[in-house]
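Notes to accompany the following structure.
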Amino acid sequence: MGTQMNSNMDNRKKIHVKKGDTVYVVSGKDKGKTGKIIKVLRAKERAIVEKLNIVKRHQRPNQANPSGGIVEKEAPIHISNLMLYDAAEAKPTRIGRKVLGTGEKVRYSKKSGEEIKS
């Protein structure tokens with residue numbers, strides 16, 4: 001029959017942001033704010049951004065939190081609502097990808113043309 005691809009692998013998009021990138025929120029309740037990416041959830045095409053999209057969750061008492069109560073934490077944001085923040089221009093920018101002469105793949109800012117350090 002041939003090899004069968006993992007169903008999660010064949011219809012995933014390329015993600016333009018990585019862990020540690022500073023991003024600008026394009027739409028949603030935190031529109032216009034910037035923050036640093038803590039975690040990227042590739043399968044769901046979402047990212048968790050530090051101190052943005054805060055939600056309240058009720059938590060049962062456990063050993064880590066004996067009193068329980070209401071906890072505030074970051075919720076994932078869809079990556080289509082995020083743009084990389086270009087520190088040189090102090091504005092959000094689109095991302096391009098190119099291969100250098102050495103064969104190394106790099107991301108670059110479409111606005112300033114500078115390479116993005118990963």
Just checking, does segment 52-69 include any residue being under 19 Å from residue 33 (Cα atoms), surrounded by 14 or more Cβ atoms within 10 Å (Cβ to Cβ) and of a type outside the set (A, V, I, L, M)?
yes
Kindly indicate the residue of segment 91-115 that is surrounded by 12 or more Cβ atoms within 10 Å (Cβ to Cβ) and of a type in the set (A, V, I, L, M) and also farthest from the chain's Cα centre (by Cα) among those meeting that condition.
106
Just the residues that are open to solvent by 40 Å² or more (accessible area, probe 1.4 Å) and either closer than 11 Å to residue 21 by Cα or more than 9 Å from the chain's Cα centre (by Cα) (or both), please, taken from segment 70-86.
70, 71, 72, 73, 74, 80, 81, 83, 85
For segment 47-69, pairs from a residue that is among the hydrophobic types (A, V, I, L, M, F, W, C) to a residue that is exposed (fewer than 11 other Cβ atoms within 10 Å of the Cβ), with Cβ under 6 Å and 6 or more apart or across chains, are 54/72
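The values are calculated or read from the model by the stated rules, or taken from the named source; none is laboratory data. Being a predicted model, the structure only gives us computed values, none of them experimental. No Cβ is skipped: glycine too gets one built from the backbone with ideal geometry, and neighbour counts run over all protein chains shown. Protein only, heavy atoms only, side chains kept; ligands, DNA and RNA dropped before computing areas. Shrake-Rupley method; radii C 1.70, N 1.55, O 1.52, S 1.80 Å.
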